[in-house]
Amino acid sequence: PSATPTSTVLTSTLILTGANNGQTFNHYSISTTSGPCVEMTGASNVTIQDFQIGPCGQNNSANDSTGIEIIGGSGDTVYDSYIHVQNLSSDGGDDHEGILINGASDITVQGNVFAFNETSVEINGGTSSGDVINGNMSINPMGPFPRGQHFQTGDNTSNVTIEKNRELSCQSSR
């Protein structure tokens with residue numbers, strides 16, 4: 001049997017930029033007390049795989065407590081991760097998603113488990129196209145209204161594929 005890989009543990013935001021283009025990040029465990037767990041700005045062809053993300057922004061219920069923010073860039077992938085922000089938005093804004101894709105294209109989100117996020121995956125803002133959301137499990141997005149969707153697209157998005165995902169919403173004692 002092979003050894004279980006050791007995770008890199010972070011208690012602050014992992015910030016990725018264009019300087020990280022083409023890199024792969026494996027086996028991270030990230031939880032923050034404020035801000036997003038992962039912030040990707042202008043990064044392209046970056047792979048995030050086997051991450052344990054959350055809770056994020058535990059002491060910051062007002063904004064910016066997203067699991068992964070992907071702003072700009074293209075060709076990024078998020079695979080086989082568990083993403084659970086576990087904080088409610090105080091104003092129903094876009095700030096507690098599992099993954100928020102904003103103005104990024106050709107992003108692939110596959111094989112992840114999302115639980116207790118405002119919305120599991122939201123593609124919104126900027127011009128996003130060619131994104132693929134495939135084979136994920138989404139459990140109990142928390143909202144509040146008008147959020148609370150498993151997967152959501154907004155203005156200026158095109159050619160988005162959302163397929164073969166599983167969704168479950170149920171009352172929870174949480």
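The values are calculated or read from the model by the stated rules, or taken from the named source; none is laboratory data. Worth saying up front: this structure is predicted, and the values here are computed from it rather than measured. Note that each Cβ is placed from the backbone with ideal geometry, even for glycine, and that neighbours are counted across all protein chains shown. We work out accessible area using only protein heavy atoms, side chains counted, and drop any ligands, DNA or RNA first. Shrake-Rupley method; radii C 1.70, N 1.55, O 1.52, S 1.80 Å.
Laid out as a table, the results:
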{"item": "The range 117-132 residues that are in contact (Cβ under 8 Å) with a residue 12 or more places away in the chain and closer than 15 Å to Gly67 by Cα, paired with ones that are part of a strand (DSSP E or B) and open to solvent by less than 10 Å² (accessible area, probe 1.4 Å) (beta carbon under 6 Å, 6 or more apart)", "result": "Ser120/Phe114; Ser120/Ser138; Val121/Ile99; Val121/Val109; Val121/Ile133; Ile123/Ile101"}
{"item": "Residues located in the range 69-105, provided they are of a type in the set (A, V, I, L, M, F, W, C) and either under 12 Å from the mean Cα position of the chain (by Cα) or at pLDDT 70 or above (or both)", "result": "Ile70, Ile71, Val78, Ile83, Val85, Ile99, Leu100, Ile101, Ala104"}
{"item": "One residue from Asn165, Asn124, Asn156 being surrounded by fewer than 20 Cβ atoms within 10 Å (Cβ to Cβ) and in contact with an Asp or Glu (Cβ under 7 Å, 6 or more places away or on another chain)", "result": "Asn124"}
{"item": "Tally, over the range 62-81, of residues that are part of a loop (DSSP other than H, G, I, E, B), closer than 14 Å to Gly111 by Cβ and open to solvent by less than 20 Å² (accessible area, probe 1.4 Å)", "result": "1"}
{"item": "Enumerated strands (runs of 3 or more DSSP E) restricted to the range 1-49, each holding at least 1 residues that are open to solvent by 30 Å² or more (accessible area, probe 1.4 Å), modelled with pLDDT under 95 and of a type in the set (S, T, N, Q)", "result": "8-10"}
{"item": "Conditions (1) over 21 Å from Pro36 (Cα atoms); (2) at pLDDT below 95; number of the one not met by Asn134", "result": "(2)"}
{"item": "Number of the exception - Thr66 against (1) modelled with pLDDT under 95; (2) closer than 26 Å to Lys164 by Cα; (3) more than 15 Å from the chain's Cα centre (by Cα)", "result": "(3)"}
{"item": "Where Ser138 falls short, out of the listed (1) open to solvent by less than 30 Å² (accessible area, probe 1.4 Å); (2) among the polar types (S, T, N, Q); (3) in contact with a Ser or Thr (Cβ under 8 Å, 6 or more places away or on another chain); (4) outside any strand (DSSP E or B)", "result": "(4)"}
{"item": "Residue, modelled with the highest pLDDT, within the range 143-153, restricted to residues that are in a loop (DSSP other than H, G, I, E, B) and surrounded by 15 or more Cβ atoms within 10 Å (Cβ to Cβ)", "result": "His150"}
